[in-house]
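The structure under discussion appears below in the form of structure tokens.
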Amino acid sequence: MTHDEILSWLRQTDPARLARLWREADAVRQEHVGGDVHLRGLIEFSNRCVRLCGYCGLRAANTKVERYRMSADEIMQCARLAVRLGYGTVVLQSGEDPGVTRDWMAELVRRIKGETPLAVTLSLGERDEADLAAWRAAGADRYLLRFETSNRALYDRIHPPRDGQTSDRLTLLGVLRRLGYEVGSGVMIGIPGQSYDDLARDIELFAALDLDMIGVGPYLAHPDTPLADPRDMPLLLPDDEQVPASEEMTYKVIALARLACPRANIPATTALATLNGTDGRELGLERGANVIMPNVTPPQYRVHYEIYPNKACLAETAETCGRCVAARIEAIGRAVGVGPGPSPNYLKDSR
């Protein structure tokens, strides 16, 4: 797709034309990654964070959030639960928590890999190369680090640097590739100040980075953050240039990401279920996605991992969530995938 073609689809409002986009993305998904929906057990093991991102409820300055960091044994209990529920991967996710040390995480990864058949995805924010190398050597399979927006000025306005350091996520994605990880990234949709042109460039960057995993979701600011009110964002755009943080726009980006990166693993995220609890994830699966990440975090911790408010499925147990997700997948004529489900794109590059 050319830049103008992507831009045209992002601006498209005609239901019949959009139905064509959904069909094309679904056909490409079937051809390149098949019909199985792979389940990744999400463990939100620490909500401690040193960053000051302007929209995120975990930001260091938010004193209203109750902080926690799970023990290694608690995380292992969640990993074993993921195995019992038939998941092929666990996703270890946290804020940027300096208490998660290189050696502690390496030992945890070794335990998961030694005691379970699970693949391990890490989503721990910006870490130095030595940390990333140690975790890869310990057996970590994948790393997810969203670049959030390709518009550097917009990125800097909502992500203040840490301790005067420069944030360079694109360089880190290259480091992850060199270390042999399956590499995942993605963006937020509808950041105040994000233009359609910006978002089209984001999708082009997915292809340029040759991503193995792509995670996208709507911009949802937490009420206890400086950017809770979009009017607090400087340099707002005219309405006809501002990308909406909408359910439909999220589907458009999922579909276009599938066309740009046919072999990538693309989740239908919890944020979609938050916007549309009835069939948001199902529609994502029918428009290019092939992964769902059911939450296996213990409920007493999950309620405090509040990146944005009113997350879907907060009160459900992991077992209830697993049964629900499997039933929803089967209801749309798809099957639950077996095994770790690596990206065909990664397997191609690894041969």
Seminar exercise, completed: Quick count over the stretch 90-100, residues being out of contact with any Ser or Thr (no Cβ under 8 Å at 6 or more places or on another chain) and surrounded by 12 or more Cβ atoms within 10 Å (Cβ to Cβ), is 1
Problem set entry | Number of the condition not met by residue 240 [criteria: (1) open to solvent by 50 Å² or more (accessible area, probe 1.4 Å); (2) under 17 Å from the mean Cα position of the chain (by Cα)] | (2)
Exercise. Somewhere in the stretch 35-52, is a residue closer than 20 Å to residue 124 by Cβ, among the polar types (S, T, N, Q) and surrounded by fewer than 17 Cβ atoms within 10 Å (Cβ to Cβ)?
Worked result: no
Exercise. Among the residues of the stretch 191-209, how many are at pLDDT below 95 and surrounded by fewer than 23 Cβ atoms within 10 Å (Cβ to Cβ)?
Worked result: 1
Seminar exercise, completed: Cβ pairs under 8 Å, 6+ apart or interchain, first in the stretch 2-23 and in contact (Cβ under 8 Å) with a residue 40 or more places away in the chain, second open to solvent by less than 40 Å² (accessible area, probe 1.4 Å) and among the charged types (D, E, K, R), ordered by first then second residue, are 9/252; 10/252; 12/252; 18/252; 21/252
Exercise. Restricting attention to the stretch 165-172, does a residue exist that is surrounded by 18 or more Cβ atoms within 10 Å (Cβ to Cβ), part of a helix (DSSP H, G or I), touching a residue at least 24 places away in the same chain (Cβ under 8 Å) and over 19 Å from the mean Cα position of the chain (by Cα)?
Worked result: no
Seminar exercise, completed: Picked from the stretch 285-309 (must be outside any loop (DSSP other than H, G, I, E, B) and touching a strand residue (DSSP E or B) at 6+ places or on another chain (Cβ under 8 Å)), the residue surrounded by the most Cβ atoms within 10 Å (Cβ to Cβ) is 292
Seminar exercise, completed: Of the residues in the stretch 27-48 that are touching a Gly at 6+ places or on another chain (Cβ under 6 Å) and charged (D, E, K, R), the one that is nearest to residue 80 (Cα to Cα) is 36
Exercise. Is there any pair with a first residue in the stretch 300-315 that is over 15 Å from residue 225 (Cα atoms) and a second that is open to solvent by 50 Å² or more (accessible area, probe 1.4 Å) and of a type in the set (Val, Ile, Thr) whose Cβ atoms are under 7 Å apart and which are 6 or more apart or on different chains, and what are they?
Worked result: 314/303
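Can you find, within the stretch 322-336, the residue that is most open to solvent (accessible area, probe 1.4 Å) among those that are assigned to a loop (DSSP other than H, G, I, E, B) and either under 20 Å from residue 209 (Cβ atoms) or in contact with a Leu (Cβ under 7 Å, 6 or more places away or on another chain) (or both)? Outline the logic, then answer.
Within the stretch 322-336, the subset assigned to a loop (DSSP other than H, G, I, E, B) is 332-334.
Remaining after also requiring either under 20 Å from residue 209 (Cβ atoms) or in contact with a Leu (Cβ under 7 Å, 6 or more places away or on another chain) (or both): 332, 334.
On the way: 332: 48, 334: 27 Å².
In this case the residue turns out to be 332.
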Exercise. Has the stretch 151-162 got at least one residue that is in contact with an Asp or Glu (Cβ under 7 Å, 6 or more places away or on another chain) and among the β-branched types (Val, Ile, Thr)?
Worked result: no
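Conditions tested, residue by residue: (1) in a strand (DSSP E or B); (2) under 30 Å from residue 157 (Cβ atoms); (3) in contact (Cβ under 8 Å) with a residue 12 or more places away in the chain.
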site	(1), (2), (3)
30	no, no, no
37	yes, no, yes
41	yes, no, yes
49	no, yes, yes
75	no, no, yes
79	no, no, yes
108	no, no, yes
121	yes, yes, yes
126	no, yes, yes
Problem set entry | Residue, farthest from residue 220 (Cα to Cα), within the stretch 301-321, restricted to residues that are under 19 Å from the mean Cα position of the chain (by Cα) and β-branched (Val, Ile, Thr) | 303
Exercise. Restricting attention to the stretch 247-259, does a residue exist that is assigned to a loop (DSSP other than H, G, I, E, B) and either in contact (Cβ under 8 Å) with a residue 24 or more places away in the chain or within 26 Å of residue 227 (Cα to Cα) (or both)?
Worked result: no
Problem set entry | Criterion: in contact with a Phe, Trp or Tyr (Cβ under 9 Å, 6 or more places away or on another chain) and surrounded by fewer than 17 Cβ atoms within 10 Å (Cβ to Cβ) - qualifying residue of 115, 74, 107 | 74
Problem set entry | Residues located in the stretch 173-187, provided they are in a loop (DSSP other than H, G, I, E, B) and either among the basic types (Lys, Arg) or surrounded by fewer than 21 Cβ atoms within 10 Å (Cβ to Cβ) (or both) | 180
Seminar exercise, completed: Among the residues of the stretch 52-69, the number that are within 25 Å of residue 90 (Cβ to Cβ), in contact (Cβ under 8 Å) with a residue 60 or more places away in the chain and more than 18 Å from the chain's Cα centre (by Cα) is 4
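The values are calculated or read from the model by the stated rules, or taken from the named source; none is laboratory data. Predicted, not measured: the structure shown is a model, and the values here were computed from it. Virtual Cβ from ideal backbone geometry, glycine too; neighbours counted across all protein chains shown. Calculation scope for accessible area: heavy atoms of the full protein, side chains included, ligands and nucleic acids excluded. Shrake-Rupley method; radii C 1.70, N 1.55, O 1.52, S 1.80 Å.
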